[in-house]
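Everything below concerns the one structure shown next.
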Amino acid sequence: MKRISLPSLSFALVMLYLFLPVAATILYSLATEWNSTILPEGITGKWFAELYADPRFLQAFGRSFLLSFLTTVVAVVIIVPAVFSIIVYAPRMERLVQLLVMLTYAVPGVIMAVGLIRTYSGNGIPMVIITAGAYLVGLLPYLYQGTRNSLLAMQARSLMEAAELLGASHWQAFVRIIVPNIMSGIFVSSLLSFSILFGEFVLINILVGGRYETLQMYLYAKLASSGHVASAITVTYFVLMAIITGLVVKFTRRSFARKEVP
Amino acid sequence: MKRFVSMLWITTIPFFAMIALFLLVPLLSMIGGSFQAEGGGGFTISHYREIFSNPYYLQAFENSVLISFLSALIGIVVAVFAAYAITRFPQSLQQRVLVITNLTSNFAGIPLAFAFIVLLGNSGLFVLLAKQLGIDFGQSFTLYSWSGLTLVYIYFQLPLAVMLLYPLYNAIQKQWMEAAELLGASPWKFWLRIGFPVLLPGIVGTFSILFANAMGAYASAYALTGSNYNLVPIRIGALVSGDIFARPELGSALAVLLGLTLAGALLVNEWLTRKIRRDLS
C-alpha cells in the first residue's frame, strides 16, 4: 500500500477547494428549493428560463459583450502595430514599453479609478468612454506579451527585411506577411483580453455605476434579491469563460503545431 | 543608422497617446490631487496627516496588509506542494490540469463572492450541513467575518500561485535527485538542502505578486458586505464614488499610499530575490 504523499494530498485539496464553489453554484442554479435540506429538493430549469426571459439580463449581457468586444478590437488595432514597429524598427524603445507594461500591471483598478475620476469626471465626456480607455491600457500587458511572442517566434525582423528587399513597402509587408502569420497568436490574446474585460467590475462600478449596467453589475444587484437567479447568471458567465478557454487551448495548439512543421 | 520610418511614427503616436491619456495623466493628477486642499485649493499635506492620525484609516491599512499577507502565505504553502504534484503527472494530463486551474481563475470578484455565499452564507450548504450534524458555528464563524473573507481571498490566490509556481520546477533536474539519492540523501534532505533553495527566489517573487494581488482586490469584499469591511481599496472606492460624502482628494492620498505599499512590496521582493540568488552562487 502506497502512503499518500504530501504533494498529492495538497493537490487534491486545492482541486476540491477550487471546484466546490463551482459545483455548489451549478447545483443551486438547478435547485427548486434549497433552504433547509443538504441536497436540493428537486431539479428545475426555471431559474435559467426566468433569467433568459428577463430583458434586463439580456441588456446587461449585451452591454458587457459590446463593451468588451469593441474595446478589445480597438486595443488590438492600436497596440499590435505599435508593438510591431517598436520591435522591428526601434528595439531601443522596448525598455520604455516594458516599464509602462510593468506600471499598468502594478497599478490596481481602484487606484486607476481615482485618477480617472479626478481627470475626466464632469467634463461632459461619457464615463463609459473613459472606462473603455482605461481598459485599453489595462489590456496592454496581455497584448504586448502576446504580440511580442508571436513576432519573435516568426522572426519578424528578418522576414521584414526579405520583404523589403523584394520591393514591398513597410505597410504592404506588414499587412501581407506579418499579420497573417501572427493572426492566431493575436486571436488567442484577444480572447484572453475579452474574458478579462467581461469579468471586470471595479472600474465600471466606480466610474459609471448604474447608468451602464454590465453583467457583473446585474449579478451584484441580483445577489440580494434572488440567489437562484444569481447562480444562473454565475453559471452562464462561467460557461462563457469555459468556451473562451476551450477556444484559447484549441488555437494555441494549432499555432504550436504549425510552428513545428515549417 | 536606420532611415526615417514613417510607419514607426504613425503606429506609436496613437499608442503613446493612449498611455498618456489613460495612465500617466490620471496617475499624475491623482498624485497632485492628494496634495490639494478640498474643493481645489492650494498645496497641503493635510490629507496625509489625516490618514496617519485617524485610527480608522490606519486600521484599514492594517487589515489590508494582514489579509493579503495571510492569504498569500496560505496560498503559496499549499500551491508549492500542489504544483509539485502536477509535475509528476503524465505530460498531457499536466496541460489539462493547468487549463482547468486557469479556468477557475475567472471565478473572481462578484461571481466568486456569490459562490461562497452559496457554500457558507447564512443558509449556505455547509452551514446547513453543520446544523444537521448538530454543530452550530453560527457564532464562531460566518462568511461575513474576517475569517470568511480570508477563505475567499485564498480561493483567488490558489490558481495564480499554482500557475506561477509550476514552471519553477523545470529548474530542478531529475539527475540531481538521483545523484543525491546515490550519495545517501533522503528525499526530505534533498528538498531541504537542494530543491527548496533553488526554488526559493521564485517562491519569494510569487509571494509578493500574490500579496500585491490581494492588496488591490476590491470586488469580492465589496460584493460580500458593500462598504462594511474596512479595507484600503474599499475605503478608496467609497471616498471617490461618494456613497455619502465624496472626498476625492483624501481618496487620492489613500490611493497614493496604497500604490507606495505595492511598490514597496515589489522592491522588497527584488531585493530579497537578489540577496537569495547571491547566497546561492
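The values are calculated or read from the model by the stated rules, or taken from the named source; none is laboratory data. Just so it is clear, the structure is predicted and the values come from calculations on it, not from any experiment. As a convention, Cβ positions derive from the backbone with ideal geometry for all residues, glycine included, and neighbour counts pool all protein chains shown.
For the condition within 13 Å of chain A (Cβ to nearest Cβ) and either of a type in the set (D, E, K, R) or touching a Cys at 6+ places or on another chain (Cβ under 9 Å) (or both), what is the one hit in B:Lys131, B:Lys174?
B:Lys131
Let me confirm something: among A:Arg157, A:Arg148, which residue is over 30 Å from B:Gly32 (Cβ atoms), out of contact with any Ser or Thr (no Cβ under 7 Å at 6 or more places or on another chain) and surrounded by fewer than 20 Cβ atoms within 10 Å (Cβ to Cβ)?
A:Arg157
Based on this model, can you work out whether A:Tyr89 counts as at the interface with chain B (Cβ under 9 Å from one of its Cβ atoms) and over 26 Å from A:Leu207 (Cβ atoms)?
When the stated conditions are applied, A:Tyr89 passes them.
Please find, within the stretch A:9-39, the residue that is modelled with the highest pLDDT out of those that are surrounded by fewer than 18 Cβ atoms within 10 Å (Cβ to Cβ) and not in a helix (DSSP H, G or I).
The selected residue is A:Thr32.
Do we find that B:Leu8 is within 11 Å of another protein chain (Cβ to nearest Cβ) and either closer than 27 Å to B:Ile234 by Cβ or touching a Cys at 6+ places or on another chain (Cβ under 7 Å) (or both) in this structure?
For B:Leu8, the condition - within 11 Å of another protein chain (Cβ to nearest Cβ) and either closer than 27 Å to B:Ile234 by Cβ or touching a Cys at 6+ places or on another chain (Cβ under 7 Å) (or both) - is not met.
Name the single residue that is nearest to B:Val256 (Cα to Cα) among those in the stretch B:35-53 being assigned to a loop (DSSP other than H, G, I, E, B) and out of contact with any helix residue (DSSP H, G or I) (no Cβ under 8 Å at 6 or more places or on another chain).
Once the filter is applied, the top-ranked residue is B:Ile45.
List every residue pair whose Cβ atoms lie under 9 Å apart, where the two residues are 6 or more positions apart in sequence or sit on different chains, the first residue falls within the stretch A:169-192 and is farther than 23 Å from A:Thr71 by Cβ, and the second residue, located anywhere, is in a helix (DSSP H, G or I) and among the charged types (D, E, K, R).
If the second residue must be in a helix (DSSP H, G or I) and among the charged types (D, E, K, R), the pairs left are A:His170/A:Glu164; A:Ala173/A:Glu164.
Here is a list of conditions, (1) under 16 Å from A:Tyr105 (Cα atoms); (2) without any contact (Cβ under 8 Å) to a residue 40 or more places away in the chain, and B:Gly216 meets all of them except one; can you say which number that is?
The number of the failed condition is (2).
Which ones in the stretch B:81-94 are assigned to a helix (DSSP H, G or I) and within 8 Å of chain A (Cβ to nearest Cβ)?
Selection gives B:Phe81, B:Ala82, B:Tyr84, B:Ala85, B:Ile86.
Here are some conditions: (1) within 16 Å of the chain's Cα centre (by Cα); (2) without any contact (Cβ under 8 Å) to a residue 60 or more places away in the chain. A:Gln216 meets all but one. Which one does it not meet?
(2) is the only condition that A:Gln216 fails.
Anything in the stretch B:118-128 that is within 7 Å of chain A (Cβ to nearest Cβ) and not small (Gly, Ala, Ser)? List them, or say none.
Answer for the stretch B:118-128, where residues must be within 7 Å of chain A (Cβ to nearest Cβ) and not small (Gly, Ala, Ser): B:Val118, B:Leu119, B:Leu125, B:Leu128.
Every residue in the stretch B:40-56 that is within 13 Å of chain A (Cβ to nearest Cβ) and without any contact (Cβ under 8 Å) to a residue 60 or more places away in the chain, please.
B:Gly40
Yes or no, residue by residue, for (1) within 11 Å of chain B (Cβ to nearest Cβ); (2) aromatic (Phe, Trp, Tyr):
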{"site": "A:Ala132", "(1), (2)": "yes, no"}
{"site": "A:Gly138", "(1), (2)": "yes, no"}
{"site": "A:Leu159", "(1), (2)": "no, no"}
{"site": "A:Phe174", "(1), (2)": "yes, yes"}
{"site": "A:Ser195", "(1), (2)": "yes, no"}
{"site": "A:Arg211", "(1), (2)": "no, no"}
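For B:Leu27, are the conditions met, namely being surrounded by 13 or more Cβ atoms within 10 Å (Cβ to Cβ), in a helix (DSSP H, G or I) and within 32 Å of the chain's Cα centre (by Cα)?
yes
Give the stretch A:166-205 a look and list any residue that's among the aromatic types (Phe, Trp, Tyr) and more than 10 Å from the chain's Cα centre (by Cα), or say none.
Of everything in the stretch A:166-205, those that are among the aromatic types (Phe, Trp, Tyr) and more than 10 Å from the chain's Cα centre (by Cα) turn out to be A:Trp171, A:Phe174, A:Phe187, A:Phe201.
In the stretch A:126-146, is there at least one residue being polar (S, T, N, Q) and out of contact with any helix residue (DSSP H, G or I) (no Cβ under 7 Å at 6 or more places or on another chain)?
yes
If a residue must be aromatic (Phe, Trp, Tyr), surrounded by fewer than 19 Cβ atoms within 10 Å (Cβ to Cβ) and modelled with pLDDT of 90 or more, how many such residues does the stretch B:30-80 contain?
Number satisfying all stated conditions: 5.
Is it true that some residue in the stretch A:187-200 is out of contact with any Ser or Thr (no Cβ under 7 Å at 6 or more places or on another chain) and outside any helix (DSSP H, G or I)?
Yes, because at least one residue in the stretch A:187-200 is out of contact with any Ser or Thr (no Cβ under 7 Å at 6 or more places or on another chain) and outside any helix (DSSP H, G or I).
Per-residue answers, yes or no, for (1) free of Cβ contacts under 8 Å to residues at least 24 places away in the same chain; (2) within 21 Å of A:Ala230 (Cβ to Cβ); (3) more than 9 Å from every other protein chain (Cβ to nearest Cβ):
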site: A:Ser10; (1), (2), (3): yes, no, no
site: A:Leu13; (1), (2), (3): yes, no, no
site: A:Tyr17; (1), (2), (3): yes, no, no
site: A:Val22; (1), (2), (3): no, yes, no
site: A:Ala31; (1), (2), (3): no, yes, yes
site: A:Thr44; (1), (2), (3): yes, yes, yes
site: A:Phe69; (1), (2), (3): no, no, yes
